[in-house]
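Shown next, in structure tokens, is the structure this report addresses.
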Amino acid sequence: MSIKRSIVIGEPKVASTSKDTKKKSTKKESTTIKRKVAKEALTPMGIVRDKSVLQTSVPPEQREPRVYNPDGKVLVIVESPAKSKTIEKFLGPNYVVKASMGHLRDLPKSQMGIDIEHDFTPRYSNLVTRKKVIDELVSYADESSAVLLATDPDREGEAISWHLAYILNVDPTSTCRITFNEITKNAVAEALESPRTIDMNMVDAQQARRVLDRIVGYKLSPLLWKKVCKGLSAGRVQSVAVRLICEREREIQAFVPQEYWTIEGNFETPKKEVFTAELTHIKGEKIDITTESEAQAVVDAIGGADALVTNIEKRKRSRKAAPPFTTSTLQQDGVRKLNFGAKRTMMIAQHLYEGLEIGSYGHVGLITYMRTDSTRIADSAKAEAAEFIEKTYGDEFSAHGGRKAKNTQGAQDAHEAVRPSSVLRTPDEMKKYLDKDQLKLYTLIWSRFVASQMTPAILDTMKVTLQQNGVTFIANGSKVKFKGFMQVYVEGRDDGKEDKENILPELVEGDVVKSVDIEPKQHFTQPPARFSEATLIRTLEENGVGRPSTYAPTLETIQRRYYVKLTNKRFEPTELGEIVNSLVSEFFPQIVDTHFTATMETDLDKVGEGQEKWVEVVDRFYKPFEKELTNAEEKIEKIQIKDEPAGFDCELCGHPMVIKLGRYGKFYACSNFPDCRNTKAIVKEIGVTCPVCHEGQVIERKSKKNRIFYGCSRYPECDFTSWDKPVGRPCPKCGQYLVEKKVKGGKQVVCINGDYEENVQK
């Protein structure tokens, strides 16, 4: 079957010539009727005119079926211009590829847009901001021989295709939908050969999620505005994330450190090889030393006697590679290994997926679809990887595609893991086509995938037991015997540490080793660590809260609302975050309950699989939520956040200045408000004179997204700003100012012109 024929087969039959003539003669009349129907249909439902939308909700049954032009081209619609550019290169002159630029229809911003009394019916309208795009797509559709909707292969993409079908009057039950997991010539060709109908189960799952989020946002957020302050919000995923951060902070505050001691001994073999062992038992009992005096008593009892090697255990340990990336693990390793935030990681991944100009390859997508929670790999990709590994590293390094994917519980397996579209496009080869960040992320994705298709690493482990005056010391060592996948990639750790070899000297049972020194060491138990972006994402995923695609926008939202802030790359709740979390937790417990939220995600998955009706899922949530809302309205009193004295007076009216808490954090304001409206940002001087005007002081500021930057205290007279911290010294080469940049391994002083750099300081 040809590509062209497969497309046309599933489309509505082209109307006869007589119908074409009739259509032309009644075009104006039809348009008038549609407008009248739309106006009449909207009025009784109580829809208020919204400047952000175009009201075009004409029932499908009252619309004329689309008539295709047999002599026209096939219209393929994707979401982004970059993707359209890539796909257009793969198709012939009989196709035209256009981008929808995302959603074209949505719920109105100025109102809820959901008819709760009538099965939560959403009232969609065309977005005014997309009018030009809509008009263009309608024009192309009118001239086309067929319309193919090629939006992303997930719930959101399916919903966009459904909305497009409505706007363009395409029958959603016709074979108008195509999907591909990677943007390559073969993948696109295969998709064109097998068009399908729009999956209404997936559309309903997206609708349910959209309706749930809209209900929570438009019912709960105004309550927070009324009781706390304007600009606040709550949500099914963001409220859980804030709760986790707040609870962790309370654990840290309540933590009482406990003192404990360890004792290490350094021992020397007859061959003068020194190794370290840790004391584990005293007279056969496991040690528990809590004070310095206890530790010193043990050291004194041991004395300086030699130790006897009583047991040696040697084993071979196999270590398997991590599976290829899912959305979640990609975001986590993006944080750990590249110091990218979740949002930044996903943005770069989007560019790699949609396609870039790659030399002789042309415009091509470099990775598969980056929104997935599956670790499945296509057989063709496995075969290509196996061949590449054999040729590059040797046959003993290849797993020969034998590794099977093990998805987490509840994982959606609609498409593959995140991997390079071709393993043959190595990072070294792509270096000249990608910018710095794109190359870093592509290298990470490529390396993880290649490693996942390689053999396990083999480690030799050794455990040596020593006896000395009734105490037991144990030394553990390991060394890599065969690197396997470690030749390419090792998974990142949340503590930032790297696995290191510890090679012990060759010993045999009965050997006597000399005690060089015995050293007691004091320790204190540590509180649980604050969440980083990586650990918070992992915790949300482990609890089944949200979907990987929601994590990046969620983390951005809770920072933008100033519920949390990043301090040393760790999340810390703000006073505002604590207040909002306390209210939501008390009056809306199901919103912040991880089990409830996880169950809701499971129910949404069932909707997508056709096992649940979306209206029933929403109704189960709404009924208790409505009762909680009524109770909260009655019982929550207006919260007055107390102002703090600033310690200085207003320069305009002389009244004391105070510190207030707003939606973007704390700021100075005059206590004589509203008579005096003087406000100031709370700034921190860094002790450096402005390198531009040489009059003001460089101060630390925060953007609305809570990112630190540096500016002149004389703003707006002086408009100096910098994301990097000035150090107050000129460049010895060009005279420009030097800044301190964060780099891998520490900080580095560099010239803003790139002419000079100093050694990295840890």
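If you take the residues of the stretch 217-274 that are among the small types (Gly, Ala, Ser) and outside any helix (DSSP H, G or I), which of them is surrounded by the fewest Cβ atoms within 10 Å (Cβ to Cβ)? Reasoning before the result, please.
From the stretch 217-274, those among the small types (Gly, Ala, Ser) are 217, 221, 231, 233-235, 239, 241, 254, 265; that's our starting set.
Next cut, outside any helix (DSSP H, G or I) only: 231, 233-235, 265.
Values: Gly231: 14, Ser233: 20, Ala234: 23, Gly235: 23, Gly265: 23.
Here the residue is Gly231.
Hey, among the residues in the stretch 180-213 that are crowded, with 18+ Cβ neighbours inside 10 Å and charged (D, E, K, R), which one's modelled with the lowest pLDDT?
The qualifying residue modelled with the lowest pLDDT is Glu182.
Assuming Pro548 fulfils every condition listed in (1) surrounded by fewer than 23 Cβ atoms within 10 Å (Cβ to Cβ); (2) out of contact with any Phe, Trp or Tyr (no Cβ under 9 Å at 6 or more places or on another chain); (3) at pLDDT below 90 apart from one, which condition is it?
Failing condition for Pro548: (1).
Take the conditions closer than 18 Å to Pro81 by Cβ and outside the structural domain of Asp373 (by TED's automatic domain parsing) and apply them to Tyr140. Does it pass?
yes
Taking the conditions exactly as written (within 19 Å of Arg530 (Cβ to Cβ) and over 21 Å from the mean Cα position of the chain (by Cα)), does Glu572 satisfy them or not? I'd like the intermediate steps shown before the answer.
Details: within 19 Å of Arg530 (Cβ to Cβ): yes; over 21 Å from the mean Cα position of the chain (by Cα): no.
So Glu572 does not fit the description; no.
Which of the residues spanning the stretch 679-706 are within 26 Å of Arg560 (Cα to Cα), aliphatic (A, V, I, L, M) and assigned to a loop (DSSP other than H, G, I, E, B)?
Result: Ile682, Val683.
Could you say which residue among Glu285, Glu249, Glu268 is under 30 Å from Asn469 (Cβ atoms), acidic (Asp, Glu) and touching a strand residue (DSSP E or B) at 6+ places or on another chain (Cβ under 8 Å)?
Sole residue among the options that is under 30 Å from Asn469 (Cβ atoms), acidic (Asp, Glu) and touching a strand residue (DSSP E or B) at 6+ places or on another chain (Cβ under 8 Å): Glu268.
Any residue at all in the stretch 480-493 that is in contact with a Leu (Cβ under 7 Å, 6 or more places away or on another chain), without any contact (Cβ under 8 Å) to a residue 40 or more places away in the chain and either more than 15 Å from Glu264 (Cβ to Cβ) or buried (at least 16 other Cβ atoms within 10 Å of the Cβ) (or both)?
Yes, some residue in the stretch 480-493 is in contact with a Leu (Cβ under 7 Å, 6 or more places away or on another chain), without any contact (Cβ under 8 Å) to a residue 40 or more places away in the chain and either more than 15 Å from Glu264 (Cβ to Cβ) or buried (at least 16 other Cβ atoms within 10 Å of the Cβ) (or both).
Hey, could you check the stretch 89-121 for residues that are under 15 Å from Val74 (Cα atoms) and in contact (Cβ under 8 Å) with a residue 60 or more places away in the chain and say which is surrounded by the fewest Cβ atoms within 10 Å (Cβ to Cβ)? Full working, then the answer.
First, pick out the residues of the stretch 89-121 that are under 15 Å from Val74 (Cα atoms): 89-99.
Then drop every residue that is not in contact (Cβ under 8 Å) with a residue 60 or more places away in the chain, which leaves 89-91, 94.
Values: Lys89: 16, Phe90: 19, Leu91: 18, Asn94: 12.
Looking at the filtered set, the residue picked out is Asn94.
So which of Val692, Val698 ends up being within 30 Å of Glu644 (Cα to Cα), surrounded by 14 or more Cβ atoms within 10 Å (Cβ to Cβ) and in contact with a Phe, Trp or Tyr (Cβ under 6 Å, 6 or more places away or on another chain)?
Val698
Is it the case that the stretch 707-716 has a residue that's surrounded by fewer than 17 Cβ atoms within 10 Å (Cβ to Cβ) and assigned to a strand (DSSP E or B)?
Within the stretch 707-716, one or more residues are surrounded by fewer than 17 Cβ atoms within 10 Å (Cβ to Cβ) and assigned to a strand (DSSP E or B).
Scan the stretch 736-745 and tell me whether some residue there is outside any strand (DSSP E or B), touching a residue at least 40 places away in the same chain (Cβ under 8 Å) and within 27 Å of the chain's Cα centre (by Cα).
yes
Any residue in the stretch 640-665 that's under 20 Å from Lys684 (Cβ atoms) and at pLDDT below 75: show its pairings with residues that are in a strand (DSSP E or B) and not hydrophobic (A, V, I, L, M, F, W, C) at Cβ separation under 9 Å, as long as the two are six or more apart or on different chains.
Tyr664/Lys702; Gly665/Lys565; Gly665/Lys702
Residues of the stretch 342-389 being assigned to a loop (DSSP other than H, G, I, E, B), farther than 27 Å from Gln487 by Cα, small (Gly, Ala, Ser) and out of contact with any strand residue (DSSP E or B) (no Cβ under 7 Å at 6 or more places or on another chain), which ones?
Gly362
Scan the stretch 507-519 and give yes if some residue there is within 19 Å of the chain's Cα centre (by Cα) and either at pLDDT below 90 or among the hydrophobic types (A, V, I, L, M, F, W, C) (or both), otherwise no.
no
Let's see how each residue does on (1) outside any loop (DSSP other than H, G, I, E, B); (2) of a type in the set (D, E, K, R); (3) closer than 24 Å to Gly334 by Cβ:
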residue	(1), (2), (3)
Phe449	yes, no, yes
Phe473	yes, no, no
Lys481	yes, yes, no
Glu519	yes, yes, no
Gln526	no, no, no
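The values are calculated or read from the model by the stated rules, or taken from the named source; none is laboratory data. Treat the numbers as computed from the prediction; the structure is a model and nothing was measured. Here Cβ is always computed from backbone atoms with ideal geometry, including for glycine, and neighbour counts include all displayed protein chains.
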